[in-house]
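Peer 1: Take this structure, written in structure tokens, and hold onto it; I'll ask about it next.
All of the numbers you see were taken from the coordinates with simple rules; none came from a lab. Source: prediction; values computed, not measured. Here the Cβ positions follow ideal geometry from the backbone for every residue, glycine too, while neighbour counts run over all protein chains shown.
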Amino acid sequence: MESLNKISRIAPCGMNCGICMAYLRVKNKCPGCRVEDSNKAISVIRCKIKNCEVIQKGKVKFCFGCDNFPCKNLKHMDKRYRTKYNMSVIENLENIQRFGIRKFVINEKIRWACSECGGTICVHRQYCYNCGKKSEIRNET
Ligand SMILES: [Zn+2]
């Protein structure tokens, strides 16, 4: 279906860019953290993790490869996402580390698929961007 590299839609912090509202929206669509593009969302441009020196220099592909994992910035983001969106990026990273990126991407597809149309549930909005159905997976994790 897609020729994109498996890793390209998973940000170094463990965030799945494919379920982000900036990625899913039609207007001003963000191509994701790993794609070089000027259309990137302002939150990506300002992101401390994306702009982290270790990531920028390409020393590690994901935060778990870093000596400082999990660092203050990542913990801060993780807490925000757990509280607001019921999703943990640190948990994502641990799953990638344990089971590999391939398995993670497959699991993510299932986890965020709309039960109505198979479209993608947005982590930020908690509804399907394709048919508008509200998500039921919210409290599952
Ligand atoms: Zn749907």
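Peer 1: Please find, within the range 123-139, the residue that is farthest from the ligand (Cβ to nearest atom) out of those that are in a loop (DSSP other than H, G, I, E, B) and in contact with a Lys or Arg (Cβ under 9 Å, 6 or more places away or on another chain).
Peer 2: By that ranking, first place goes to H124.
Peer 1: Also, quick follow-up: Of all residues being crowded, with 16+ Cβ neighbours inside 10 Å and not β-branched (V, I, T) in the range 98-110, which is farthest from F64 (Cα to Cα)? Just the residue, please.
Peer 2: Among them, the one singled out is E108.
Peer 1: Conditions first: (1) in a helix (DSSP H, G or I); (2) away from the ligand (no atom under 16 Å from the Cβ); (3) in contact with a helix residue (DSSP H, G or I) (Cβ under 9 Å, 6 or more places away or on another chain); (4) of a type in the set (D, E, K, R). K109 passes all but one, so which condition is the exception?
Peer 2: (2)
Peer 1: To continue, here is another question. Just one of (1) in a loop (DSSP other than H, G, I, E, B); (2) out of contact with any strand residue (DSSP E or B) (no Cβ under 9 Å at 6 or more places or on another chain) trips up G32, so point out which.
Peer 2: So G32 meets the others, but not (2).
Peer 1: Is there a residue being in a loop (DSSP other than H, G, I, E, B), within 21 Å of A22 (Cβ to Cβ), within 14 Å of the ligand (Cβ to nearest atom) and not acidic (D, E) anywhere in the range 70-88?
Peer 2: So far as the range 70-88 goes, no, none of its residues is in a loop (DSSP other than H, G, I, E, B), within 21 Å of A22 (Cβ to Cβ), within 14 Å of the ligand (Cβ to nearest atom) and not acidic (D, E).
Peer 1: Any idea which of P31, P12 is at negative phi, without any contact (Cβ under 8 Å) to a residue 60 or more places away in the chain and in contact with an Asp or Glu (Cβ under 6 Å, 6 or more places away or on another chain)?
Peer 2: After applying the criteria, what remains is P31.
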